[in-house]
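Asker: Before we start, here is the structure in question, set down as structure tokens.
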Amino acid sequence: MDARDLELDYSEVYRYLGYRKGIPEGKVREVVERCVAELVEQAELRSVARRFPLRFLGDNRFLIGDMELESRALSRNLRGCDEAYLMAATIGFAMDRLAARASAIGRMSRAVIYQAAGGMLIESYCDALNRKLKEEMAAEGRFLRPRFSPGYGDLPLAVQPEFFRVLEVQKHTGITLTESLLMMPTKSVTALIGVSPEDSHCVLQGCESCHKTNCNFRR
């Protein structure tokens, strides 16, 4: 998959930049579109997704493959599922390089725009991967639940090392995990997606599924 084939949602870039309503015109819009185009041209998309059996051990404890997790929020998301996908995706180091270069020459506003563009691009990439998996499952008469990432709700980032081990994330994508559990490249995502024999009609994901209603970046 090429970044130039992704659906680009510029409203998400402006939301990350703090524009609550409308899209700015003139110079701001011109610079944002230029930064997005530059990032898209340089992005290197990589991903891995694998399907594992899912077994509940208790109300909020479950096994995905041989990885044991405990989370009330994720348990609600996965209830009724008997399998789950683990996935990891990245847009590569382009955003990190562009933002660092802009900061080094004092163009801090450009650095912020690259960060916002990177946030939009990785979400667009994950959405595209999600649609592909959804189509594959539909062919089997099965359904996907919304993506759920470590760090959401009560699923801590502390599960990331196990996640990386089970999915062999570094081997397949080049994403590495720092001692503080941050991923490099920075615009990278890990997520779990439940697979169910029945459609739950659950459409909440992203901001809509999060209980942090005071977040500055909430849609």
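Asker: Give, in nm to one decimal, the length gained when the segment between residue 168 and residue 21 is fully stretched (0.36 nm per residue of separation minus the Cα-Cα distance).
Answerer: On the way: separation 147, 0.36 × 147 = 52.92 nm, distance 4.11 nm.
My answer for the length gained is 48.8 nm.
Asker: To two decimal places, what compactness ratio does the stretch 77-143 give when its Cα radius of gyration is scaled by 2.2 N^0.38 Å? Intermediate values should be presented prior to the final figure.
Answerer: Details: Rg = 17.5 Å, N = 67, 2.2 N^0.38 = 10.9 Å.
Against the compact-globule rule of thumb, the ratio is 1.61.
Asker: With every protein chain left in place, what is the accessible area per residue of the stretch 74-119 in square angstrom, probe 1.4 Å?
Answerer: On the way: 1800 Å² over 46 residues.
On a per-residue basis, 39 Å².
Asker: Same structure, new question: If only Cα atoms are counted, what is the Rg of the stretch 119-174, and what is its Dmax, in Å?
Answerer: Radius of gyration, then largest Cα-Cα span, for the stretch 119-174: 13.4, 35 Å.
Asker: Also, I was wondering about something else. Cut-off 10 angstrom, C-alpha nodes, Gaussian network model of the chain. Which of 179, 68, 33 fluctuates the most?
Answerer: 179
Asker: When only C-alpha pairs under 8 Å and at least 6 residues apart count, what is the relative contact order of the chain, in percent? It would help to have the intermediate numbers written out before the result.
Answerer: Details: 348 pairs, mean separation 59.1, N = 219.
Worked out over the chain, it gives 27 percent.
Asker: What does the chain give for Rg and for Dmax, in Å, if only its C-alpha atoms count?
Answerer: Rg then Dmax for the chain, in Å: 18.0, 56.
Asker: Would you mind finding the longest exposed-site-free stretch of the chain, with exposed chymotrypsin sites (Phe, Trp or Tyr not before Pro) meaning DSSP loop and at most 16 other Cβ atoms within 10 Å?
Answerer: Details: sites that count: 19, 217.
Here the longest run is 20-216.
Asker: ³J(HN,Hα) across the stretch 13-19 via Karplus (A = 6.51, B = -1.76, C = 1.60, θ = phi - 60°), whole Hz, x for Gly/Pro?
Answerer: Here the 3J(HN,Hα) series is 4, 5, 5, 4, 7, x, 7 Hz.
Asker: Connecting C-alpha atoms closer than 10 Å in a GNM of the chain, tell me which of 87, 183, 95 has the biggest fluctuation.
Answerer: Of 87, 183, 95, the Gaussian network model singles out 183 as fluctuating most.
Asker: Rank 174, 106, 119 by mean-square fluctuation in a GNM of the chain with C-alpha springs under 10 angstrom and give only the top-ranked residue.
Answerer: Maximum among the listed residues: 106.
Asker: Hey, what number do you get for the chain at 222 nm if only DSSP H runs of n ≥ 4 count, each worth -39500 (n - 2.57), divided across all residues, to the nearest 500? Kindly include the intermediate steps, with their values, before the conclusion.
Answerer: Values: 7 runs with 87 residues, N = 219.
Per the formula, -12500 deg cm²/dmol.
Asker: Additional query: Could you look at the chain and say what percent of its accessible area is carbon and sulfur, using a 1.4 Å probe and all protein chains? Provide the component values of the computation, followed by the final result.
Answerer: Details: 5990 of 11740 Å².
It is 51 percent, rounded to a whole number.
Asker: Can you figure out the FRET efficiency of residue 180 with residue 34, using R₀ = 35 Å and their beta-carbon distance, to the nearest 0.05?
Answerer: Values: r = 33 Å, r/R0 = 0.94.
For residue 180 and residue 34, the calculated efficiency is 0.60.
Asker: Where does the stretch 43-173 land on Rg(C-alpha)/(2.2 N^0.38 Å)?
Answerer: Numbers: Rg = 17.2 Å, N = 131, 2.2 N^0.38 = 14.0 Å.
This ratio for the stretch 43-173 stands at 1.23.
Asker: I'm checking a number: the convex hull volume of the Cα atoms of the stretch 18-103, normalised per residue, in Å³. What is it? Could the numbers behind the result be given before it?
Answerer: Numbers: hull volume 14.8 nm³, N = 86.
Dividing the Cα hull volume of the stretch 18-103 by its residues yields 172 Å³.
The values are calculated or read from the model by the stated rules, or taken from the named source; none is laboratory data. Note that the structure is a prediction, hence the values are computed from the model and not measured. Neighbour counts are summed over all protein chains in view; Cβ atoms, including those assigned to glycine, are modelled from backbone coordinates with ideal geometry. SASA here: full protein model, heavy atoms, side chains in, ligands and nucleic acids out. Shrake-Rupley method; radii C 1.70, N 1.55, O 1.52, S 1.80 Å.
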